[in-house]
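S.K.: If you scroll down you'll find the structure; I have some questions about it.
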Amino acid sequence: MSLTRENPEAGEPEEPIPLSALQHAVYCLRQAALIHLERLWADNRFTAEGGVLHAVADKGGRRQARGIRRVMALPIGSRRLGIAGVADVVEFHQGDGGEVPYPVEYKRGKPKLHRADEVQLCAQGLCLEEMTGRQVPEGALYYGGTKRRVRVPLDPALRQLTETTIADLRAVFRSRQTPLPTTQTSRCRACSLKELCRPEIVAAPVRSWRRRMLDDMLKDADP
């Protein structure tokens, strides 16, 4: 089944959004646009470690253990949401009425303060629901730094955040315009694209304009 959808704004087909782009979009919409629109990429220690960890799951294949069927590197997608990608591991647990999909995403490091990893996992769950017709109530994130799984309930709040992220990223892709850097500058320090993004230069005119506007407002407020 083709996942290509019609773009109502341009009247032409558009390719599905990569699942990996959703993680980038939650972290920083500009990062997502630089990677997926401008096709820029740069490795650092963090991305290299992540690549090694994913290499294990990306080999593909199927395994059966303790009544759980495990499929690695499984292509998935959702026509309704216009997203597609490859799930690292999908476990199929026996439940009432058949197998229940359980996505497992591999990540380097340890659990993070933001929800980028959770959104990517939730998007996988939404794809699996559409593909199998079964509810996917939760999944798991496996972190290489801790060598532990973290259970992630796919609750209404996370589902809403995931669909909002998809809509925001689709708007960026349709506009073909790269957004300004995130205002959360602490995220820039760990970003492999920092030297290509140059957030301090790109954002400088905006900060200058904001300062001028604030100065003008304070002047007007003076008695």
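Here, each number is a calculation from the coordinates, and none is a lab measurement. It should be emphasised that the depicted structure is a prediction, and the values quoted were computed from it without experimental measurement. As a convention, Cβ positions derive from the backbone with ideal geometry for all residues, glycine included, and neighbour counts pool all protein chains shown.
S.K.: Using a Förster radius of 41 Å, what is the FRET efficiency between Glu163 and Arg66 based on their Cβ-Cβ separation? Nearest 0.05, please.
M.R.: Once rounded, the FRET efficiency stands at 0.75.
S.K.: If one computes the Cα centroid of the stretch 129-151 and of the stretch 162-194, what distance in Å separates the two points?
M.R.: So the two Cα centres are separated by 24 Å.
S.K.: What FRET efficiency do you get for Thr146 and Leu180 if R0 is 45 Å and r is their Cβ-Cβ distance, rounded to the nearest 0.05?
M.R.: E between Thr146 and Leu180, to the nearest 0.05, is 0.85.
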